[in-house]
Structures are given as C-alpha cells and as structure tokens.
There are 2 protein chains.
Amino acid sequence: MTEPIRMTGVLDPRDGWEAEGCPIAASLELVGTRSAMLILREAYYGATRFDQFTARTGLSDPVVSSRLRELEAAGVLAREDYREPGQRTRKAYRLTEMGEDLLPVIVALQRWGNRWLSPGEKGATEIVHRGCGAEVGVRLECDEGHPVAPDELDLKYRPA
Amino acid sequence: MTEPIRMTGVLDPRDGWEAEGCPIAASLELVGTRSAMLILREAYYGATRFDQFTARTGLSDPVVSSRLRELEAAGVLAREDYREPGQRTRKAYRLTEMGEDLLPVIVALQRWGNRWLSPGEKGATEIVHRGCGAEVGVRLECDEGHPVAPDELDLKYRPA
DNA sequence: CGGCATCCTTAGGGATACTG
DNA sequence: CAGTATCCCTAAGGATGCCG
C-alpha cells in the first residue's frame, strides 16, 4: 500500500462538493446503476436494438425499457428509425457524442475488474488495441497534454 | 453524433460476456453503488476517518459502516489503528493499491459530469493538474504505450 | 469519537401479461 | 419484433438509538 492520493485546494471540506454540486454524484444519478452501465457496455459493443440489449445484458424488458428512455432523455442515446431495403422500419438506439464520451469510464471499470477481480482468468473479456493486440487501459492526462501522476492532482472548487 | 464504437472479435454475442465472466459487471458488484463511489471519492480527497466519510458524503452512519466493511473485505481499503502522540488510538481507512487503481474511474466520472451535466458552472469541483492548473481527464492507452482512439478497440473473449 | 442493531422507506429490478 | 403496464420482491439507504 502506498500513500493516499492527496488533493489540496479546498479550504473547508464541508464547503460544497458533497452536495449536488459534485459532478461525480451527478454522473452517478444518471449512469450509476448496474443496468445503465450494462446497457452502455452493450451499446459500445455494438448493440442498437431493444432485443439485443435484453439478450446480451440479461436484464428484463421493463428495466431495459426504462433505462433506454432515461438515457435517451438525458441525451446519452438517440433513438432513430431506420429501414433496410425491403425490410420494415426498425428502431435503433445509438450513442450520441455525450454517450461516446463515457467510454473511458467503462474501459476503466473493465480494466480494473480484469486486474483485481478476475475469477481465475477464466471467462473474462479483454479490450485490446486493434492490430497491436495489447490490452487497453486508461491514463490520467490534463488538458495541456501532460501525463499526470496520481499524486499531482489538485481539487479545485468553483463557488457559486 | 458520430458512428458507434465498433468492437469486433466475438463470434456469438451470447457466448459468455454477459454472464458473470464480465469484469465490468464484476466491478459493478463491488463499487457500482452510489454510496461506494462517494466513499471512494472522499478517500481520494483525503478522508480517512469514519466521521469524515459520513460528514462529507452525506451518507448515514449505517451505510458508511457497511460500505467500509465491504470495501475493506474486498481489499480496496485497509483499516489501521494509528495514534498521534498524546492522543488515544483512532481508526483510519486507507486506500490500498487496489483502491488507488480505481482512481481513473472516479476521474472519468468527474470529467464527464463536468462536461455534460454541469448545473450552470456553479458550485462544482474540478480536478486539475498541480502547477499546470489544467483540468485532468482520462485517455485510452494500450499496454504498449500507444494512444488508442475509440474506434481502434477490439473485444477479445477468453473462453474458460 | 467510532461505530453496530433495529426499523422503515424507497428505488432497482424480475415475471408475467398484454399491445402496436 | 418492440415495447408498456402491472405486480411483487429485494437491495440501497435514512432515522433513531445504543454501546465501547
């Protein structure tokens, strides 16, 4: 065990972040459920139709129905009609830019689960770099393009 | 909206990943609750004592108690006694290596929430690179050190 | 201060059945 | 195929109270 990551720059811990202002809490309100995450996982894996989501997640119809509508309302998914030549109209759920931007969260969870919770290497999946074949993870980087170590983080609070 | 991220390399979608083998699902079993994430957030922000976790997360005592024990049992946190000179013994919860390794998940959620859910810029927090001051996010990278674009991902299934 | 036991409420989620 | 409505069960979480 190493030293805990230290974040500075907040005067009083009670000043604000634990409330609704916290973007982490806000994110969790929307995608913090198991069902939402599993549906997003399948969206990244290429699912677009209702029955694909139910079959591949193992979630029940009503749950998938609710989550899809919530995610659509929030702007994470977009529902569109599409018609292949000679086929009838179908519904497709596609990731929006907002939805795609969540990919690192899923990749980070995947990587962490594989590293620390893998039930004896069996039956697990791996996300790899196409071509290169190496497993893909996630790395801290600031908007200036610098790689960031865990102990170089500051927490900044923007008061209202 | 752009094209969905495509993952290839799995023959039959039903072949395995949706079940217990999925490391994402496994991760969610452990840290997929709001309370677990908020407690981890505070651990990264420097909290170590019981009352810090309750005060800063707004969670009730019993919930904090349960989550702390679960996270400790799983190896994410370690409980240790410490004694400052002249003080009585106190309990401290510290992140293990396994726990620190989850940091990218929290940072990714924070960044996503800030970008897409920000409630009007007010009262929110930001994680910045110390010194440089730029906001910190997360970036896909493979074990070979290559930066990875979202459309360069392959899903690999390792059967039992 | 640092918790756990108890009780209660609500949100997550499954089963079944029904509609366009 | 693509859902919705209803019903029910379980897990998440708050309030209160007690105890070392």
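The values are calculated or read from the model by the stated rules, or taken from the named source; none is laboratory data. Remember, predicted model here, so these are calculated numbers, not experimental data. FYI the Cβ positions are ideal-geometry reconstructions off the backbone, even for glycines, and counts take in every protein chain you see.
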Quiz prompt | Breaking point among (1) within 12 Å of DNA strand D (Cβ to nearest atom); (2) facing chain A (nearest Cβ under 7 Å), for B:Ser60 | solution = (2)
Quiz prompt | Which numbered condition B:Phe50 fails, given (1) crowded, with 16+ Cβ neighbours inside 10 Å; (2) away from chain A (no Cβ under 12 Å); (3) within 30 Å of A:Leu102 (Cβ to Cβ) | solution = (3)
Exercise. Identify, by number, the condition in (1) of a type outside the set (Phe, Trp, Tyr); (2) in contact with a helix residue (DSSP H, G or I) (Cβ under 7 Å, 6 or more places away or on another chain); (3) surrounded by fewer than 22 Cβ atoms within 10 Å (Cβ to Cβ) that B:Glu80 doesn't meet.
Key: (2)
Quiz item: What residue, of A:Glu100, A:Glu70, is within 30 Å of B:Leu103 (Cβ to Cβ) and more than 15 Å from DNA strand C (Cβ to nearest atom)?
Solution: A:Glu100
Quiz item: Would it be correct to say that B:Gly58 is crowded, with 20+ Cβ neighbours inside 10 Å and either over 12 Å from the mean Cα position of the chain (by Cα) or not hydrophobic (A, V, I, L, M, F, W, C) (or both)?
Solution: no
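Matching residues to (1) at pLDDT 90 or above; (2) of a type in the set (Lys, Arg):
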position	(1), (2)
B:Arg41	yes, yes
B:Ala47	yes, no
B:Val64	yes, no
B:Asp81	no, no
B:Arg90	no, yes
B:Leu95	yes, no
Practice problem: Scan the range A:125-140 for residues that are more than 17 Å from B:Arg115 (Cβ to Cβ) and within 7 Å of chain B (Cβ to nearest Cβ) and jot them down. | Solution: A:Thr125, A:Glu126, A:Ile127, A:Val128, A:His129, A:Arg130, A:Cys132, A:Ala134, A:Glu135, A:Val136, A:Gly137, A:Arg139
Quiz prompt | Single match in A:Asp101, A:Asp143 (criterion: within 7 Å of chain B (Cβ to nearest Cβ), among the charged types (D, E, K, R) and crowded, with 17+ Cβ neighbours inside 10 Å) | solution = A:Asp101
Quiz item: When the range B:76-92 is examined, which residues are found to be within 16 Å of DNA strand D (Cβ to nearest atom), out of contact with any Phe, Trp or Tyr (no Cβ under 6 Å at 6 or more places or on another chain) and under 14 Å from B:Leu40 (Cα atoms)?
Solution: B:Val76
Quiz item: Can you tell which of B:Ser65, B:Ser27, B:Ser35 is surrounded by fewer than 17 Cβ atoms within 10 Å (Cβ to Cβ) and among the polar types (S, T, N, Q)?
Solution: B:Ser65
Quiz item: Could you give every pair whose Cβ atoms fall below 8 Å, whose first residue belongs to the range A:26-40 and is more than 8 Å from chain B (Cβ to nearest Cβ), and whose second residue is within 11 Å of DNA strand D (Cβ to nearest atom) and among the β-branched types (Val, Ile, Thr), counting only separations of at least 6 or pairs across chains?
Solution: A:Ser35/A:Val63; A:Ser35/A:Val64; A:Ile39/A:Val64
Quiz item: Out of (1) hydrophobic (A, V, I, L, M, F, W, C); (2) touching a residue at least 60 places away in the same chain (Cβ under 8 Å); (3) in a helix (DSSP H, G or I), the odd one out for A:Val107 is which?
Solution: (2)
Exercise. Read through the list (1) closer than 23 Å to B:Arg115 by Cα; (2) in contact with a helix residue (DSSP H, G or I) (Cβ under 6 Å, 6 or more places away or on another chain); (3) modelled with pLDDT of 95 or more, then give the number of the only condition that A:Glu70 fails.
Key: (2)
Quiz item: Which of the residues belonging to the range B:73-97 are among the charged types (D, E, K, R) and within 9 Å of DNA strand C (Cβ to nearest atom)?
Solution: B:Arg79, B:Arg88, B:Arg90, B:Lys91
Quiz item: Do we find a residue being closer than 18 Å to A:Asp154 by Cα, at pLDDT 95 or above and of a type outside the set (Phe, Trp, Tyr) anywhere in the range B:138-149?
Solution: yes
